[in-house]
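Engineer: My structure is below; once you've seen it, I'll send some questions.
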Amino acid sequence: MMKLTRPFHGIILILFVMLAINSTSATTKYNVLSFGAKPNGKTDSTKAFLMAWEAACSSADSTMIYVPKGRYLLGSMAFKGGCKSPQITIRIDGTLVAPQDYRVLGKSTDWLNFEGVNGVSILGGALDAKGPSLWACKASHSNCPSGATTLSFTNSKNIRIRRLLSLNSQMFHIVINGCENVHVQGVSIIAAGDSPNTDGIHVQLSKNVNIIKCSIKTGDDCISIGPGTKNLWVEQVTCGPGHGISIGSLAKDLKEEGVQNVTIRKTTFMETQNGLRIKSWARPSTGFVQGVRFLDSLMRNVQNPIVIDQNYCPHNLNCPNQVSGIKIKDIIYEGIRGTSSTQVAIKFDCSPKNPCTGIRLQNVNLSYLNKPAQSSCSNVRGKALNLVRPESCL
């Protein structure tokens, strides 16, 4: 074996030093405290955070905005794109806190809004939106604002959200709208089971989105999948309380983009209203749902483990009473097991004008109070393979 000479050793040492220098200097760090943020939870730090963003955004280097431990009071903020920095990482070791008065945020659409950004990562931290006071207002039927989404990304690319806690959002917790290449992992979402419209993660008009190893406890859909979603992968998500994982509601508009190529696997539902749901209003639409794979899911005391509802109308208020134009085809349910809290564990209520086609049940085992459950089918065509309990109505 050839021995390295001392000069060669020296060259390698120099290279290692150069690499170390480059790796440390490649990322410019901005601490929000340097811009005047106060970690006491009482002093408004909105301006300081926006100044930190402007500094990071205008840098030609990869940048990091650092939020040390503490509580930071923040109002509604918009982080705009068009940045020089190719990569902005926001590392949060503290908690971002909304104003105590729900009306301050409630009149805004979003609390933390990223628009037109590329290469933004959010790592760690907690977002406390102080939602319960607004929920109480809505429960009393007072004149209340709609409320704000906690964290939204619009028309953005190459987004990473990791190890984030979203607590008590006024409305939706996280919204991915018009985005591409989004990776959400290790996120925890918490809100009361009766909190209104607090969807965990909502995706629409987006492609190449991954949602991995998340825990979602909320008062609405754990994950809601809207029109124009393409290439969505959901894996190892625990849901409950909540309304389950839903594609829809669809047919809100006559001209609507479709949902396609969605895989949802290794999910657990605990005492949720629904498990795996596709829902659309009974009205005309150009929309569709196709190429969906529901795989290897565990249901624990779920009201509606498997459901397609093309007559969706919550609380039976202002129902369109027409026929859904949404075309649903090529949907696979495989390896779905556990318990239903109602007798009808599988319900396919499809459009009489556009029946569901290519529906496949395979290795499904759902029971009701340790007794056989039931299936219900309307305007649906498909097949059952291997063991399917309850007995298939396809």
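Engineer: For the stretch 157-192, give me the residue count where each residue is among the small types (G, A, S) and within 20 Å of R91 (Cα to Cα). Before the answer, list the steps.
Structural biologist: To start, the set of residues in the stretch 157-192 that are among the small types (G, A, S) comprises 166, 169, 178, 186, 188, 191-192.
From what's left, within 20 Å of R91 (Cα to Cα): 166, 186, 188.
Qualifying residue count, the stretch 157-192: 3.
Engineer: Those residues that are in a loop (DSSP other than H, G, I, E, B), open to solvent by 10 Å² or more (accessible area, probe 1.4 Å) and touching a His at 6+ places or on another chain (Cβ under 8 Å), I need them from the stretch 200-225; list them, please. Reasoning before the result, please.
Structural biologist: Within the stretch 200-225, the first condition is being in a loop (DSSP other than H, G, I, E, B), and the residues that meet it are 200, 205-206, 213-214, 218-222.
Subset that is open to solvent by 10 Å² or more (accessible area, probe 1.4 Å): 205, 213, 220.
Answer for the stretch 200-225, where residues must be in a loop (DSSP other than H, G, I, E, B), open to solvent by 10 Å² or more (accessible area, probe 1.4 Å) and touching a His at 6+ places or on another chain (Cβ under 8 Å): just D220.
Engineer: Of all residues in the stretch 265-294, count the ones that are in contact with a His (Cβ under 7 Å, 6 or more places away or on another chain) and under 17 Å from V234 (Cα atoms).
Structural biologist: Residues of the stretch 265-294 in contact with a His (Cβ under 7 Å, 6 or more places away or on another chain): 272-274.
So of that shortlist, the ones also under 17 Å from V234 (Cα atoms) come out as 274.
Going through the stretch 265-294 one residue at a time, the tally reaches 1.
Engineer: Looking at G291, G275, which is the one that is in contact with an Asp or Glu (Cβ under 8 Å, 6 or more places away or on another chain) and either closer than 20 Å to G382 by Cβ or surrounded by 24 or more Cβ atoms within 10 Å (Cβ to Cβ) (or both)?
Structural biologist: G291
Engineer: Here's something else I'd like to know. Within the stretch 72-94, which residues are in contact (Cβ under 8 Å) with a residue 40 or more places away in the chain and under 16 Å from T43 (Cβ atoms)?
Structural biologist: Y72, G94
Engineer: Now for a different question. Cβ-Cβ below 6 Å, separation at least six or inter-chain, first residue in the stretch 138-159 and among the β-branched types (V, I, T), second open to solvent by 60 Å² or more (accessible area, probe 1.4 Å): which pairs?
Structural biologist: Taking only residues 6 or more apart or on different chains, the pairs are T154/E115.
Engineer: Among the residues of the stretch 225-245, are any within 18 Å of V307 (Cα to Cα), in contact (Cβ under 8 Å) with a residue 60 or more places away in the chain and touching a strand residue (DSSP E or B) at 6+ places or on another chain (Cβ under 9 Å)?
Structural biologist: Within the stretch 225-245, one or more residues are within 18 Å of V307 (Cα to Cα), in contact (Cβ under 8 Å) with a residue 60 or more places away in the chain and touching a strand residue (DSSP E or B) at 6+ places or on another chain (Cβ under 9 Å).
Engineer: Could you look through the stretch 162-198, keep only residues that are among the polar types (S, T, N, Q) and either without any contact (Cβ under 8 Å) to a residue 12 or more places away in the chain or in a loop (DSSP other than H, G, I, E, B) (or both), and pick out the one that is most open to solvent (accessible area, probe 1.4 Å)?
Structural biologist: We begin by selecting, within the stretch 162-198, every residue among the polar types (S, T, N, Q); these are 166, 168-170, 177, 181, 185, 188, 195, 197-198.
Narrowing the set further to residues that are either without any contact (Cβ under 8 Å) to a residue 12 or more places away in the chain or in a loop (DSSP other than H, G, I, E, B) (or both) leaves 168-170, 195, 197-198.
Numbers: N168: 34, S169: 0, Q170: 3, S195: 1, N197: 71, T198: 0 Å².
For the stretch 162-198, the residue satisfying everything is N197.
Engineer: Go through R283, R300 for me and flag whichever is of a type in the set (D, E, K, R), in contact with a Phe, Trp or Tyr (Cβ under 8 Å, 6 or more places away or on another chain) and in contact (Cβ under 8 Å) with a residue 24 or more places away in the chain.
Structural biologist: R300
Engineer: Identify, from the list S351, S378, the residue that is closer than 28 Å to Q322 by Cβ and buried (at least 19 other Cβ atoms within 10 Å of the Cβ).
Structural biologist: On the way: S378 fails: buried (at least 19 other Cβ atoms within 10 Å of the Cβ).
None of the others qualify; the one that does is S351.
The rows are residues; the columns are (1) of a type in the set (A, V, I, L, M); (2) more than 16 Å from S152 (Cβ to Cβ); (3) touching a helix residue (DSSP H, G or I) at 6+ places or on another chain (Cβ under 8 Å).
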residue: T28; (1), (2), (3): no, yes, yes
residue: P39; (1), (2), (3): no, yes, yes
residue: S59; (1), (2), (3): no, yes, no
residue: P68; (1), (2), (3): no, yes, yes
residue: A78; (1), (2), (3): yes, no, no
residue: T89; (1), (2), (3): no, yes, no
residue: G106; (1), (2), (3): no, no, yes
residue: F114; (1), (2), (3): no, no, no
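Engineer: Give the residues of the stretch 41-70 that are aliphatic (A, V, I, L, M) and open to solvent by less than 20 Å² (accessible area, probe 1.4 Å), sorted by residue number.
Structural biologist: The answer is A48, A52, A56, I65, V67.
Engineer: Mind checking which residues of the stretch 251-272 are of a type outside the set (S, T, N, Q) and open to solvent by less than 40 Å² (accessible area, probe 1.4 Å)?
Structural biologist: Selection gives A251, E256, G258, V259, V262, I264, F269.
Engineer: Okay, moving on. Can you tell me which residue is nearest to the chain's Cα centre (by Cα) among those in the stretch 278-288 that are open to solvent by 20 Å² or more (accessible area, probe 1.4 Å) and farther than 15 Å from T229 by Cβ? Before the answer, list the steps.
Structural biologist: Going through the stretch 278-288, the residues open to solvent by 20 Å² or more (accessible area, probe 1.4 Å) turn out to be 281, 283-284, 286, 288.
Narrowing further to those that are farther than 15 Å from T229 by Cβ: 281, 283-284, 286.
Working: W281: 22, R283: 26, P284: 27, T286: 25 Å.
Within the stretch 278-288, the match that is nearest to the chain's Cα centre (by Cα) is W281.
Engineer: Please list, ordered by residue number, the strands (runs of 3 or more DSSP E) wholly in the stretch 18-104 having 3 or more residues that are among the small types (G, A, S) and in the same structural domain as P132 (by the TED database).
Structural biologist: none
Engineer: Hey, any hits in the stretch 54-73 for a residue that's touching a Phe, Trp or Tyr at 6+ places or on another chain (Cβ under 6 Å) and within 22 Å of D199 (Cα to Cα)?
Structural biologist: no
The values are calculated or read from the model by the stated rules, or taken from the named source; none is laboratory data. As the structure is a prediction and not an experimental result, all values here were calculated from the model. Because the Cβ atoms are built from the backbone with ideal geometry, glycine has one as well, and the counts that use them run over all protein chains shown. The protein model used for the area step is the full one, side chains on, heavy atoms only, and it has no ligands, DNA or RNA in it. Shrake-Rupley method; radii C 1.70, N 1.55, O 1.52, S 1.80 Å.
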